[in-house]
1. Right, residue 90: modelled with pLDDT of 95 or more and surrounded by 24 or more Cβ atoms within 10 Å (Cβ to Cβ) or not?
2. If you go through segment 25-36 one residue at a time, do you hit one that is out of contact with any Cys (no Cβ under 8 Å at 6 or more places or on another chain) and not in a helix (DSSP H, G or I)?
3. Can you name the number of the only condition in (1) under 22 Å from residue 7 (Cα atoms); (2) assigned to a helix (DSSP H, G or I) that residue 76 fails?
4. Working carefully through the options 126, 169, find the one that is open to solvent by less than 20 Å² (accessible area, probe 1.4 Å) and either part of a strand (DSSP E or B) or out of contact with any His (no Cβ under 8 Å at 6 or more places or on another chain) (or both).
5. If we keep just the residues of segment 104-118 that are free of Cβ contacts under 8 Å to residues at least 24 places away in the same chain and touching a strand residue (DSSP E or B) at 6+ places or on another chain (Cβ under 9 Å), which is nearest to residue 174 (Cα to Cα)?
6. Among the residues of segment 37-53, is there at least one that is outside any strand (DSSP E or B) and β-branched (Val, Ile, Thr)?
Amino acid sequence: MQTQRERMAAAAWYSCLDPELETLRGRARRAIHAHNRQPPAEPATMSAPLRALFAACGPDCLVEAPFHASYGCHIHLGARVYINANCVILDSARVEIGDGTMIGTGAQIICAQHHKDPAERARGMEIALPVTIGSDVWIGAGAIVMPGVTLGRGAIVGAGAVVTRDVAEGQTVVGAPARPL
């Protein structure tokens, strides 16, 4: 019998209402609260609470406050990643962000997909799919990257785009749903 955390990690249906998962979200809330309340540093650096929370964090990364993540422990940042203010990463699954990627203000990366059946949704049933973002990607302000999407190296996501499908290396997408420019 798998735990809900194991089911989540295996991209199987799981209940997000599970006490173990709530404990992990609580840990993330505390670290993110500390990050969001830190006084400004000169020069700007990655906060210690986020660095400790994230699964991996390369050198010269910066996450502007305010920031929100659901778990934090599934976020893997390469080197020189910049995440602007008001970004949300709902990392119920692995979120890989490659070297040199820049994410605009208010962007969202979503891994969880709730069940379509109302009774199952009320039980907290969801499935988590990983999001992979290649190196040197630029995600514009207010863009949303949906569960299971991969953005290829050097891709550009226009401001406000809703990305529901993979984006090829070097491709630019805009709109809702996002389409090649």
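1. The answer is no for residue 90.
2. The answer is no; no qualifying residue exists.
3. Unmet for residue 76, out of (1) under 22 Å from residue 7 (Cα atoms); (2) assigned to a helix (DSSP H, G or I): (2).
4. Values: 169 fails: open to solvent by less than 20 Å² (accessible area, probe 1.4 Å).
The unique qualifying residue is 126.
5. Filtering segment 104-118 for residues free of Cβ contacts under 8 Å to residues at least 24 places away in the same chain gives 114, 116-118.
Going one step further and asking which of them are touching a strand residue (DSSP E or B) at 6+ places or on another chain (Cβ under 9 Å), we end up with 114, 117.
Details: 114: 25, 117: 31 Å.
Only one residue tops the list, namely 114.
6. Yes - at least one qualifying residue is present in segment 37-53.
For every residue, the table says whether it meets (1) assigned to a loop (DSSP other than H, G, I, E, B); (2) closer than 22 Å to residue 70 by Cα; (3) not acidic (Asp, Glu).
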position	(1), (2), (3)
113	no, yes, yes
135	yes, no, yes
160	yes, yes, yes
173	no, no, yes
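Residues checked against (1) in contact with an Asp or Glu (Cβ under 8 Å, 6 or more places away or on another chain); (2) open to solvent by less than 70 Å² (accessible area, probe 1.4 Å):
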{"site": "17", "(1), (2)": "no, no"}
{"site": "58", "(1), (2)": "yes, yes"}
{"site": "62", "(1), (2)": "no, yes"}
{"site": "71", "(1), (2)": "yes, yes"}
{"site": "77", "(1), (2)": "no, yes"}
{"site": "95", "(1), (2)": "no, yes"}
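The values are calculated or read from the model by the stated rules, or taken from the named source; none is laboratory data. The shown structure was predicted, so the numbers you read here are calculated from the model rather than taken from an experiment. Using ideal geometry, Cβ is built from the backbone for each residue, glycine included, and neighbour counts are taken over all protein chains shown. Accessible surface is based on the protein model in full, side chains and every heavy atom, while ligands, DNA and RNA are left aside. Shrake-Rupley method; radii C 1.70, N 1.55, O 1.52, S 1.80 Å.
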